[in-house]
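S.K.: The following block contains the structure, expressed as C-alpha cells.
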Amino acid sequence: MTIIVDLSILCDAPGNKHVYSIVGKEYETGLVPMTGMEFEDSAWKEPRTIQSVSINPTEGYYHLYVGDDTGKDKDQCEQLKQMYHAHGWTRLVR
C-alpha cells in the first residue's frame, strides 16, 4: 500500500498566523504504520513520531500525520518549503 505524509508549513508572522504551504510525499510499503512509530525522511535531522494514521482501503493508502513546521516569517516559511521540495516533497492532491 501507499503511505502519504502531508504537513503544513505554518507562518507565525506577528498578528498573521496562517498556513503558508502544504507539502506531501508518497512512499510504497508493505508495512502497516501505527501511531507512536517513528518515521524518517531525508528532510529531517531526527525521525518524527506518527501522531495519527488514517486508512483508506478503497484507494489503497495510509495517511500519516507527523506534525507541522512553523516559520517565524514569510522568508523562513519559503525556505522551509524549498527545503522540502529539494527532498522530493510536493503538493499532493488525492
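Since every read-out is calculated from the coordinates, none of them should be taken as a lab result. Note that this is a predicted model, so its numbers are computed, not measured. Note that each Cβ is placed from the backbone with ideal geometry, even for glycine, and that neighbours are counted across all protein chains shown.
S.K.: What angle, in degrees between 0 and 90 and rounded to the nearest 10, separates the Cα long axis of helix 74-86 from the longest principal axis of the Cα atoms of the chain?
M.R.: 30 degrees
S.K.: Match the structure shown to one of the listed values [x] 1.60; [y] 1.38; [z] 1.12 of Cα Rg over 2.2 N^0.38 Å, computed from it, and give that label.
M.R.: [z]
S.K.: I've got another one for you. Measure off 7 Å from each Cα along the Cα-to-Cβ vector at Gln51 and Thr70, then give the distance between these two points in nanometres to one decimal.
M.R.: Taking the simple label geometry, Gln51 and Thr70 are separated by 1.1 nm.
S.K.: Here is a further query. Rank Gly60, Gly24, Gly15 by mean-square fluctuation in a GNM of the chain with C-alpha springs under 10 angstrom and give only the top-ranked residue.
M.R.: Largest GNM mean-square fluctuation: Gly15.
S.K.: Go ahead and run the numbers for FRET between Thr2 and Ala86, Cβ-Cβ distance against an R0 of 25 Å, rounding to 0.05.
M.R.: Efficiency computed from Cβ-Cβ geometry: 0.65.
S.K.: Suppose we keep just the DSSP beta bridges with both residues in the chain; what percent of those would be antiparallel, to 5?
M.R.: Of all bridge pairs located within the chain, approximately 70 percent are antiparallel.
S.K.: Now for a separate question. What distance in nm separates the two pseudo spin-label positions at Gln79 and Ser42, each 7 Å out from Cα along the beta-carbon direction?
M.R.: The answer from the label model is 2.1 nm.
S.K.: Moving on. Mind checking which of Pro57, Pro47, Pro33 has the largest fluctuation in a GNM of the chain, springs on alpha carbons under 10 Å?
M.R.: Among Pro57, Pro47, Pro33, the largest GNM mean-square fluctuation belongs to Pro57.
S.K.: Okay, helix-only estimate at 222 nm for the chain: each DSSP H run of n ≥ 4 adds -39500 (n - 2.57), divide by all residues, round to 500 deg cm²/dmol; what do you get?
M.R.: -4500 deg cm²/dmol
S.K.: Same structure again: Pairs of alpha-carbon atoms within less than 8 angstrom and 6+ residues apart define the contacts here; what relative contact order does segment 2-86 have, in percent?
M.R.: 37 percent
S.K.: Okay, moving on. Under a GNM of the chain (C-alpha, springs under 10 Å), which listed residue has the highest mean-square fluctuation: Leu31, Leu80, Leu64?
M.R.: Between Leu31, Leu80, Leu64, it is Leu31 that shows the largest mean-square fluctuation.
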